[in-house]
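Below: one structure, written as structure tokens.
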Amino acid sequence: MIRKWFKIKTSDIALVQFLLEGYEGAATISTLDPRAAVLQVLIMPDFTGEMENVLDHLKHRFDLQEIFLPCERAFLC
């Protein structure tokens, strides 16, 4: 799985999570820290291209900012 972390506005967490979950089987989305609005996206290797396109679109629409999060801070590593 390809692991990515994003920072987002707290008010957009539910909508972005809902949109990504609509691509059933392509990725798993978790809110790691609701106060800091940090999302973890686990992308299935077969859907890398499609999910990269979706995430690129969402980056502009919802101001998603990809961040680096060391595995010791992410409980799903």
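The values are calculated or read from the model by the stated rules, or taken from the named source; none is laboratory data. All figures in this text were calculated on a predicted structure; none of them were measured in a lab. Ideal geometry is used to build each Cβ from the backbone, glycine not excepted, and the neighbour counts take in all protein chains shown.
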Tally, over region 8-21, of residues that are closer than 15 Å to HIS57 by Cα and surrounded by 15 or more Cβ atoms within 10 Å (Cβ to Cβ): 6
ARG3 vs. criteria surrounded by 11 or more Cβ atoms within 10 Å (Cβ to Cβ), basic (Lys, Arg) and either under 10 Å from the mean Cα position of the chain (by Cα) or modelled with pLDDT of 95 or more (or both): yes
Residues of region 22-52 classified as in a loop (DSSP other than H, G, I, E, B) and surrounded by 15 or more Cβ atoms within 10 Å (Cβ to Cβ), total: 4
